[in-house]
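The values are calculated or read from the model by the stated rules, or taken from the named source; none is laboratory data. Predicted, not measured: the structure shown is a model, and the values here were computed from it. Here Cβ is always computed from backbone atoms with ideal geometry, including for glycine, and neighbour counts include all displayed protein chains. Accessible surface areas use protein heavy atoms only, side chains included; no ligands, DNA or RNA. Shrake-Rupley method; radii C 1.70, N 1.55, O 1.52, S 1.80 Å.
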Amino acid sequence: EDMTIYRQPDPVIALAVMASVVLASSVMAENGVKDECVTLCKDAAKFMNEKGFYPAVAEINNKEGKFVTKNTYVFMMDLEGHLLAHPFNQQYIGRDITGSKDTNGKLFVQDYIAVAKSKGEGWTEYMYPTPEELKKPTPFKEKKYSKKISFVYRVPGKDLMMIAGFFE
């Protein structure tokens with residue numbers, strides 16, 4: 001007679017395995033969107049250097065353009081802190097936004113400029129409302145802020161930077 005004892009799987013181990021799978025997939029997703037930010041910024045810079053400033057502005061401003069994906073989008077600034085092209089915040093184009101602060105008082109646009117001027121490319125982190133949060137009718141100062149991670153890429157040979165980010 002078969003005397004094999006059937007053990008129920010340990011729920012703690014099962015949970016740990018599931019949690020690590022979920023964690024790994026979110027890390028993979030984050031790496032995917034990070035790669036996408038880098039690629040889009042570099043592609044936008046290349047596009048600008050090949051096609052010119054105004055065609056790049058038009059393409060970046062286009063919500064259905066090649067620099068907008070479901071995960072992120074590119075916007076362009078100069079190294080003085082003026083917004084030059086943006087698919088969703090066109091009301092700020094032409095403005096000096098160096099005074100922009102997140103909820104912790106971090107001057108995140110000045111961070112972009114520092115990265116572009118020093119290393120030419122790199123990551124910044126700050127708190128900012130998500131696109132869904134921005135769509136809500138609440139006043140800006142009452143919005144909920146989330147952690148945003150943005151890649152800054154200086155256009156080779158130009159005092160311009162392409163930026164793309166995502167919410168953690």
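A few remarks follow.
- Of the residues making up the stretch 57-96, those that are of a type in the set (A, V, I, L, M, F, W, C), open to solvent by 30 Å² or more (accessible area, probe 1.4 Å) and over 17 Å from K148 (Cβ atoms) number 3.
- Test for A24: is it modelled with pLDDT under 95, surrounded by 10 or more Cβ atoms within 10 Å (Cβ to Cβ) and part of a helix (DSSP H, G or I): yes
- Scanning the stretch 97-125 for residues being surrounded by fewer than 18 Cβ atoms within 10 Å (Cβ to Cβ), touching a Gly at 6+ places or on another chain (Cβ under 8 Å) and not in a loop (DSSP other than H, G, I, E, B) gives a total of 1.
- Each residue in the stretch 128-148 was checked for being surrounded by fewer than 17 Cβ atoms within 10 Å (Cβ to Cβ) and in a strand (DSSP E or B), and 2 of them qualify.
- Inside the stretch 32-56, residues that are open to solvent by 50 Å² or more (accessible area, probe 1.4 Å) and over 12 Å from A164 (Cα atoms) make up a count of 7.
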